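Every number here is computed from the coordinates shown, using simple stated rules; none is lab data. Model, not experiment: these values are computed from the prediction. Every residue, glycine as well, gets a Cβ built from its backbone with ideal geometry; the counts of neighbours run over all protein chains shown.
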Amino acid sequence: MSLRGLNERVSLEELADVYLPLSRLLNLHVRAARNLNGVTDTFLGRPVTGHTYVIAVAGSVAVGKSTFARILQALMARWPDHPAVDLVTTDGFLYPLRILEEKQLMSRKGFPESYDARRMVQFLSDVKAGQTEVRAPVYSHQSYDIVPDQWQVVRRPDVLIFEGLNVLQPGLAGGSGGRPASVILSDFFDFSIYLDASTSNIAAWYLDRFRLLQRTVFQQPTSYFHHYRDLGPEEASAAGRRIWSSINEVNLKENILPTRERAHVVLYKDADHSIARVSLRQI
């Protein structure tokens, strides 16, 4: 399946038992929101217009957010009314490497402070306001940096899936100068999903992915991690474990995992990547 990530496995049974019911639930929520927005527009005496429904997808590095979001996008786009469903990741809102280096945040990349939160808030605000075109920066995992002068253009989709590590983090706000922010990122979400798994399983998946990338993508001269190209299997494993324990595991425990209870739905994955349990928060 082309929608899968590097080391992800999604079965037909899981599609039928988890993804399709979740897609139907979201369909009901989107239709209800559309009806309510129509009532509000009518009450205010303004033309009834479509409002973008925003779904947040959160979770750790290597937990499978990207694969999940791509499958969800494909399923939702196949609803009977064929809505326009866009997918944007928060990677594009990371500060460029130059700024991260200036701010001495290279070892904190992926932590809340490494994102341009004001730009993210403005992006979502413009999408929710129904602007004709809204641009999001594009991130390259190969160069490990923002791609200059390249944009993902969002044109008033019916649904926007916004996927990233810290999307449910209360601290990601649009304020400046030390003043309390009037809005935070999650103010713009209509529905939120958190992908969960045991920390040991996520660590194992991260290490598997790191070793695979070390044998493939990292071999390319244009890769930011090209300096790992000649590591032997044991050295590559040691490097992956070191990066996980010093950066990604810390971010998970300090910033990502505490946001789990804010999600409307939590999907818990087993060691084989399958979704074993679904928790739905009563709204």
> For the chain, modelled as a GNM with alpha-carbon contacts under 10 angstrom, which of SER192, SER11, SER125 fluctuates the most?
Replying inline: SER11
> What is the distance in Å between the Cα centres of segment 182-211 and segment 235-283?
Replying inline: 5
>> Order these by the 10 Å Cβ neighbour count, fewest first: THR132, THR259.
In response: THR132, THR259
>> Quick check: the angle from helix 20-43's long axis to the longest principal axis of the chain, C-alpha only, nearest 10 degrees?
In response: 40
>> On the Cα set of segment 12-280, report Rg and Dmax in Å, please.
In response: 19.4, 68
> Relative to the first principal axis of the alpha-carbon coordinates of the chain, what is the inclination of helix 199-215, with its axis defined by its Cα atoms, in degrees from 0 to 90 and to the nearest 10?
Replying inline: 70
> When the Karplus curve 6.51 cos²θ - 1.76 cosθ + 1.60 is applied with θ = phi - 60°, which whole-Hz ³J(HN,Hα) does each residue of segment 128-141 get, with x for Gly and Pro?
Replying inline: 5, 6, x, 4, 4, 9, 10, 9, 10, x, 10, 10, 10, 6
> So who's got an amide H within less than 5 Å of the one on ILE161, skipping anything under 5 residues away but keeping other chains? H placed 1.01 Å off N, in plane.
Replying inline: ILE55, ASP86, LEU87, VAL88
>> Cβ neighbours within 10 Å, averaged per peptide: list 57-70, 231-244, 193-206 in order, most packed at the top.
In response: 57-70, 193-206, 231-244
>> Less than 19 Å apart at the alpha-carbon level, and either on another chain or at least 8 residues along: which lysines does that give for LYS109?
In response: LYS65, LYS253
>> Could you tell me the center-to-center distance, by alpha carbons, between segment 59-89 and segment 11-57 in angstrom?
In response: 14
>> Quick one: 3J(HN,Hα) in Hz for segment 86-93, Karplus 6.51/-1.76/1.60 with θ = phi - 60°, rounded, Gly and Pro as x.
In response: 9, 10, 10, 9, 6, 4, x, 9
>> So if each residue of separation counts as 0.36 nm, and I subtract the Cα-Cα distance between GLN220 and ASP270, what length gain in nm does that give?
In response: 14.7 nm
> Points 7 angstrom from Cα along the Cβ direction at GLN142 and GLU14: gap in nanometres?
Replying inline: 2.8
> Going by alpha carbons, how many degrees (0 to 90, nearest 10) lie between the helix axis of 233-243 and the longest principal axis of the chain?
Replying inline: 50
> If the cut-off is a Cα-Cα distance under 17 Å, which aspartates and glutamates reach LYS103, setting aside same-chain residues fewer than 8 apart in sequence?
Replying inline: GLU113, ASP116, ASP145
> To the nearest 0.05, what FRET efficiency results for THR199 and ARG242 with a Förster distance of 25 Å applied to their C-beta separation?
Replying inline: 0.95
> How high is the FRET efficiency between ASN35 and LEU97 when r is their beta carbon distance and R₀ equals 51 Å, given to the nearest 0.05?
Replying inline: 0.65
> Say R0 is 41 Å: what FRET efficiency, to the nearest 0.05, do GLU235 and ARG277 get from their beta-carbon distance?
Replying inline: 0.65
>> Run the paramagnetic zone check for ASP81: 7 angstrom along Cα to Cβ, then residues of segment 122-139 with backbone nitrogen under 20 Å.
In response: 127-132
